[in-house]
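The structure follows.
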There are 4 protein chains.
Amino acid sequence: MYSFKNDYSEGAHPSIIRAITDTNMLQTGGYGEDHYTEEAIQLLKNKIGLEALDIHFFVGGTQTNLTAISAFLRPHEAVISVESGHVCVHETGAIEATGHKIIAMPGENGKLTIADIENALIYHADEHMVKPKLVYISNSTEVGSIYLKSELVALYDYCQAHDLLLFLDGARLGSALTSSANDITLNDLANYTDAFYIGATKNGALFGEALIISNLALGKDFRYHIKQKGALLAKGRLLALQFIELFKDNLFFDLSQHANDMATILRDGIKDAGYEFLSEAPSNQIFPIFPEHIVLKLEENYAFYRWCENEKGVAIRLITSWATLEDEVHGFIKTLKTLK
Amino acid sequence: MYSFKNDYSEGAHPSIIRAITDTNMLQTGGYGEDHYTEEAIQLLKNKIGLEALDIHFFVGGTQTNLTAISAFLRPHEAVISVESGHVCVHETGAIEATGHKIIAMPGENGKLTIADIENALIYHADEHMVKPKLVYISNSTEVGSIYLKSELVALYDYCQAHDLLLFLDGARLGSALTSSANDITLNDLANYTDAFYIGATKNGALFGEALIISNLALGKDFRYHIKQKGALLAKGRLLALQFIELFKDNLFFDLSQHANDMATILRDGIKDAGYEFLSEAPSNQIFPIFPEHIVLKLEENYAFYRWCENEKGVAIRLITSWATLEDEVHGFIKTLKTLK
Amino acid sequence: MYSFKNDYSEGAHPSIIRAITDTNMLQTGGYGEDHYTEEAIQLLKNKIGLEALDIHFFVGGTQTNLTAISAFLRPHEAVISVESGHVCVHETGAIEATGHKIIAMPGENGKLTIADIENALIYHADEHMVKPKLVYISNSTEVGSIYLKSELVALYDYCQAHDLLLFLDGARLGSALTSSANDITLNDLANYTDAFYIGATKNGALFGEALIISNLALGKDFRYHIKQKGALLAKGRLLALQFIELFKDNLFFDLSQHANDMATILRDGIKDAGYEFLSEAPSNQIFPIFPEHIVLKLEENYAFYRWCENEKGVAIRLITSWATLEDEVHGFIKTLKTLK
Amino acid sequence: MYSFKNDYSEGAHPSIIRAITDTNMLQTGGYGEDHYTEEAIQLLKNKIGLEALDIHFFVGGTQTNLTAISAFLRPHEAVISVESGHVCVHETGAIEATGHKIIAMPGENGKLTIADIENALIYHADEHMVKPKLVYISNSTEVGSIYLKSELVALYDYCQAHDLLLFLDGARLGSALTSSANDITLNDLANYTDAFYIGATKNGALFGEALIISNLALGKDFRYHIKQKGALLAKGRLLALQFIELFKDNLFFDLSQHANDMATILRDGIKDAGYEFLSEAPSNQIFPIFPEHIVLKLEENYAFYRWCENEKGVAIRLITSWATLEDEVHGFIKTLKTLK
């Protein structure tokens, strides 16, 4: 049984394991007050090409989202997200638990549009309703789509013009940025969001998300918020070490590229076998649609999620990662082509 | 410069690093739904000697405290803690951020007494005040003292008689249970608390706390709370692997024993050199009092916290751990004896 | 300019003013610990026909909703409401501010259906999502529709079968219960909800909502919650006095009947003048649709809300109340009939 | 049985009842959007002698405190209060329920000192602890003492110098400002606090507190917060009408003066009868100490709270108000003098 269920099924890239092992018995300061953390932050600033950034490391994505969003908002302010947004659905009400409503908008192919934001603003007109303040987007999105630079810039400009913050969830940012359809850089992200994060849990690390705050006013006292939410890792260097390995050369992007390449093989093979897809998804998540009996057969050898059903059949979600074995990908296509 | 500042300055015991390395490329389910997690839970049940337990793993202590306490309480219910309790001071208001007041009581030598609880109950008499509901204690405490079994049982009996929950923070539980003064077992903890946790971050793991809920009603829907607080680790097996290494044999206790032994060498050597201590602390934290000029000299070669000052001098905190080098401990005493 | 904007534009029924005046200089206990409060509670129990009820008085509806719902739910539990539900939109995120997500469902004509609840349950399947726990309905609804007894009973039975709580917002309950389409009694409400409230702010009182908790387990320590939310009125007897006046005879229902009668005159007159309505609304809110130029003319003499626009024109909301003057209602119709 | 238990035992001054009665059937906008509210706000600005103020009306004190404090603070920021402060003890954790810790300091005679604030700042030194941000004081205090202008100015200057906000709870402000020991004006309060409120519930109104925000940045979007906390009264003019009556002439101060005069008669009479007091309390709360058998006798005819016991006897709390009858006050002294 080979799994395409997730991009967090395996551990970490071997060079990360090696870095953790090599530094294991060194004494360092706790809670991110160590020189590895300093080094990782500087490395990220260099990669992004900006010095004026406030950078913090987290263990997981929900933790990052809830800490950042609750730190950025006043009690009456709300989040605008697409209905399929991770914070909107799959975080057990983590944002609401910090007191903030999420305004869910329909979006298009998993992406938030300016029309969505505009409608949210029009609807929430006075103090009897929450005040929309933070626009949440994911790149790649929860359905595998990605934002183009023109879309990102347009969203940011709209936010700036309407006193809104733009926050980008980058749990799968590597896959977005190495997609063949992508034209966004890390530098763009820092310039055209107020804050975003770079996800490593799903791209080569044991765990780790790097929050990049470019709207520096939002970073004030930020470590207080991390600690209060239980998100300040005692052995903080573990996070730093992983980001150093991923960003000291090009490892982070190489790993994403592999994930995307594996998805491309799957996508092409499935298309070639005559099947359609639920959505345009040029990243490491694809949603092919198969007849029920094909899905049942595939489930004998492969693990994946059934996403939804429509008149064409069952859409399943296949996720690839830095660790996906090319042989298994070819095996999947081969198996599929034998099924009818 | 050798550090006695903390018991989380180094990484993990080598066997833990090995276990993580060995299983690195295996595919497992995410978020603790894997067989390592099952195995670790069963192992802990065996060690504790009880099957009817609800066990969950967390990355850190503040996270454990805030998730458990907010899950256990209704909005108007409050925590009773000693003033020096970790939740009371050093978690940036994490408990209050979930909506609950902490009632701080003086305690004795860092330990909560029945008189403290009684006074809190007498004072909080009606609905114009919060309702005390959960008694929070740490073992070992924040000042290195430990609870005796008779004290634990008395607290639990009092709580049972007054409809209170007893929760024990075991961030440094290993050191408490292997102290020469200890007479409490893991089994006792499960029997005489409603929930407690076993801290591994400060005893051999990269990170990890195992929450043991023996009052099963409190465990209902518990994974929802973990997720909501951003505390559900994607690669959950990392937590399980570490607890398996620590508890499959006696490693957890061996490591604590080493920490305590190192503290004993320090304690005896300091006593022998003619100095006094701020408190009775039979675990891995000791608080010797030195004149300012001695502290200044020690600071040239050793890192540690200045705790407080009194008429006798400066009390410093020395912490030992599973990783503390015996040579450094002897070196410290030797250095001390040369100073005047 | 006569206003049909709201049912809280005027003060209170004269008999309420008289009761407040007559008892003004008496000394009573504070915070609802007075004999008037006892009397009002007993009176409501008698009217409802049940003794086993936990009854509390509030100043306003949002206050009642947020206090009750946050008291009833654990942190991971969510509310199911129609999209147009008051808690969902018009309370500035009051429920989310207490930590709970509201799951918005489409409903039918402002009413929640069993299919809505079922869909919410199916979608929220595991601990990565909130757990739906409390079903929130309003009667009459925010668009003037009302629940039939068969609908209420079916919702309650469904909730009982699925471990859900049913909570009914009765801000405009009087108008619902005296609607010609109604077949629900106060006794039914106590039997077929876990809790509901009787709104008086919009039906003859200066202010006041009576929360009736029939699922007694939910009432435990309830006064703590009221106090914590800042909702425990110091001179609590003011609330009690008003409910005594409204319920010692039939005043509450007489006042609602008047509001409904006024709405009926408007409804019939508007129909007679050849206009349609946005929705079936047999209570004190009606939503006629007029061409823009008619609305503009009406706005010269009458205050009301523009609700929405569609291809037929502009739907406006007309609200009547216990205080609505019959002459003004006839005047409105007369004016309308002169306009083209 | 005559009650000295509280200053909210009776209703409202007759002129307030009259104003409510006289305007009862007028139609006005809801939620404070009416011309009475405008008028009341302007009246208060005139009385205070400042135009640049943000003024909002609330029904009760706990509501005012929790709404203002939670609106003013970011999640990691805490309140500094004396241990006897109303928010610290008698509001059922209302502030903590909005997420903020209250740091309790000893104070002197119920008043917070600069040393208290300084100690709180020294102790809360880094991001592992909450960040003290808002200093909460009450005037008169919970034990009847009052602040002098020099003390207020010194506190404010200290707060300004340390980036702290100064908030003054004026639930019993009238009594403080008309105390013979007072040298503070309403204008001073606006100049030397960031926000304060004028309590009317305990000084002639049915209910009502006027929050005066002079640090205008704190007032941004303030009505959202009021609504979210369920504190926006539907018939908002009821609050305005009461403040108009109290402040259009000098009624507010006349009523407080009466309360203080009655307390003075009690104080002098009790002193004259040879008894001592628990504290210096020059306002409408006094705390005489009597032997137990005297208290028992007094309890036969008078209602009051037993406050605490010490070696001299039982300290009781006697509260006078605008409604306290002078005959009853003389009667109390007469009765006392007959007792031995």
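The values are calculated or read from the model by the stated rules, or taken from the named source; none is laboratory data. Being a predicted model, the structure only gives us computed values, none of them experimental. Glycine also receives a Cβ, built like all others from the backbone with ideal geometry; neighbour counts cover every protein chain displayed.
Return only the number of the condition from (1) away from chain A (no Cβ under 14 Å); (2) touching a residue at least 12 places away in the same chain (Cβ under 8 Å); (3) assigned to a strand (DSSP E or B); (4) not small (Gly, Ala, Ser) that B:Leu246 does not satisfy.
(3)
Within the stretch B:12-28, which residues are touching a residue at least 12 places away in the same chain (Cβ under 8 Å) and not in a helix (DSSP H, G or I)?
Selection gives B:Ala12, B:His13, B:Thr23, B:Thr28.
Just to be sure I understand the filter: pairs with C-beta atoms under 7 Å, separated by 6 or more residues or on different chains, first member in the stretch D:215-228 and more than 16 Å from C:Glu96 (Cβ to Cβ), second member surrounded by fewer than 16 Cβ atoms within 10 Å (Cβ to Cβ). Which pairs pass?
Going by the 7 Å Cβ cut-off, the qualifying pairs are D:Leu216/D:Ala52.
Collect the residues in the stretch C:54-99 that are polar (S, T, N, Q), under 17 Å from the mean Cα position of the chain (by Cα) and surrounded by fewer than 24 Cβ atoms within 10 Å (Cβ to Cβ), keeping them in residue-number order.
The answer is C:Ser84, and nothing else.
Do you know which residues across the stretch D:221-268 are over 30 Å from D:Pro288 (Cβ atoms) and of a type in the set (Gly, Ala, Ser)?
If the condition is that a residue be over 30 Å from D:Pro288 (Cβ atoms) and of a type in the set (Gly, Ala, Ser), then D:Gly230, D:Ala231, D:Ala234, D:Gly236, D:Ala240 are the ones that fit.
Something else about it: Just name the residue that is nearest to C:Ala281 (Cα to Cα) out of those in the stretch C:95-133 that are within 14 Å of chain B (Cβ to nearest Cβ) and outside any loop (DSSP other than H, G, I, E, B).
Residue satisfying both the conditions and the ranking: C:Ile95.
Failed condition for A:Arg74, given (1) over 25 Å from A:Asn284 (Cβ atoms); (2) within 14 Å of chain B (Cβ to nearest Cβ); (3) in a loop (DSSP other than H, G, I, E, B); (4) of a type outside the set (Asp, Glu), with all others met?
Only one criterion in (1) over 25 Å from A:Asn284 (Cβ atoms); (2) within 14 Å of chain B (Cβ to nearest Cβ); (3) in a loop (DSSP other than H, G, I, E, B); (4) of a type outside the set (Asp, Glu) is unmet by A:Arg74, namely (2).
Only one of (1) free of Cβ contacts under 8 Å to residues at least 12 places away in the same chain; (2) closer than 25 Å to A:Arg74 by Cα fails for C:Gly60. Which number is that?
Only one criterion is unmet by C:Gly60, namely (1).
Quick grid of which residues meet (1) touching a helix residue (DSSP H, G or I) at 6+ places or on another chain (Cβ under 9 Å); (2) within 19 Å of B:Gln228 (Cα to Cα):
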| residue | (1), (2) |
| --- | --- |
| B:Gly61 | yes, yes |
| B:Ser81 | yes, no |
| B:Val87 | yes, no |
| B:Leu112 | yes, no |
| B:Asn119 | no, no |
| B:Val130 | yes, no |
| B:Ser140 | yes, no |
| B:Val143 | no, no |
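What residue, among those in the stretch D:116-142 that are of a type in the set (Val, Ile, Thr) and touching a Gly at 6+ places or on another chain (Cβ under 9 Å), is surrounded by the fewest Cβ atoms within 10 Å (Cβ to Cβ)?
Among them, the one singled out is D:Ile137.
Taking D:Asn187 and the conditions (1) under 18 Å from D:Leu44 (Cβ atoms); (2) touching a strand residue (DSSP E or B) at 6+ places or on another chain (Cβ under 7 Å), which numbered condition does it fall short on, given that it satisfies the others?
(2)
Those residues that are without any contact (Cβ under 8 Å) to a residue 12 or more places away in the chain and either among the β-branched types (Val, Ile, Thr) or buried (at least 22 other Cβ atoms within 10 Å of the Cβ) (or both), I need them from the stretch A:100-115; list them, please.
Result: A:Thr113, single match.
Right, something else. Restricting to the stretch A:268-293, what's the tally of residues that are crowded, with 20+ Cβ neighbours inside 10 Å and in a helix (DSSP H, G or I)?
Total meeting the criteria: 1.
Sticking with this one: Any idea which of (1) touching a residue at least 40 places away in the same chain (Cβ under 8 Å); (2) surrounded by 24 or more Cβ atoms within 10 Å (Cβ to Cβ) is the one A:Leu43 doesn't satisfy?
The single condition A:Leu43 does not satisfy is (2).
Could you say which residue among C:Asn310, C:Asn301 is in contact (Cβ under 8 Å) with a residue 60 or more places away in the chain and not hydroxyl-bearing (Ser, Thr, Tyr)?
The unique qualifying residue is C:Asn301.
Here is a further query. Return only the number of the condition from (1) within 21 Å of B:Leu232 (Cβ to Cβ); (2) surrounded by fewer than 24 Cβ atoms within 10 Å (Cβ to Cβ); (3) facing chain A (nearest Cβ under 9 Å) that B:Asn6 does not satisfy.
So B:Asn6 meets the others, but not (1).
Still on this structure, I have one more. Quick one: which of B:Leu43, B:Leu50 is part of a helix (DSSP H, G or I) and either at pLDDT 95 or above or under 30 Å from A:Lys5 (Cβ atoms) (or both)?
Only one candidate qualifies: B:Leu43.
Counting only residues that are assigned to a loop (DSSP other than H, G, I, E, B), more than 16 Å from the chain's Cα centre (by Cα) and surrounded by fewer than 17 Cβ atoms within 10 Å (Cβ to Cβ), how many does the stretch C:143-189 have?
Number satisfying all stated conditions: 5.
If you go through the stretch B:222-242 one residue at a time, how many are at the interface with chain A (Cβ under 7 Å from one of its Cβ atoms) and either closer than 21 Å to B:Leu53 by Cα or in a helix (DSSP H, G or I) (or both)?
Residues that pass the stated criteria total 6.
Within the stretch C:53-66, which residues are within 14 Å of chain D (Cβ to nearest Cβ) and either charged (D, E, K, R) or assigned to a loop (DSSP other than H, G, I, E, B) (or both)?
C:Val59, C:Gly60
Within the stretch D:326-335, does at least one residue satisfy the condition of being farther than 25 Å from D:Thr178 by Cα and either out of contact with any helix residue (DSSP H, G or I) (no Cβ under 8 Å at 6 or more places or on another chain) or charged (D, E, K, R) (or both)?
Within the stretch D:326-335, one or more residues are farther than 25 Å from D:Thr178 by Cα and either out of contact with any helix residue (DSSP H, G or I) (no Cβ under 8 Å at 6 or more places or on another chain) or charged (D, E, K, R) (or both).
When you scan the stretch D:208-221, how many residues do you find that are within 14 Å of chain C (Cβ to nearest Cβ) and more than 17 Å from C:His90 (Cα to Cα)?
Within the stretch D:208-221, residues that are within 14 Å of chain C (Cβ to nearest Cβ) and more than 17 Å from C:His90 (Cα to Cα) number 3.
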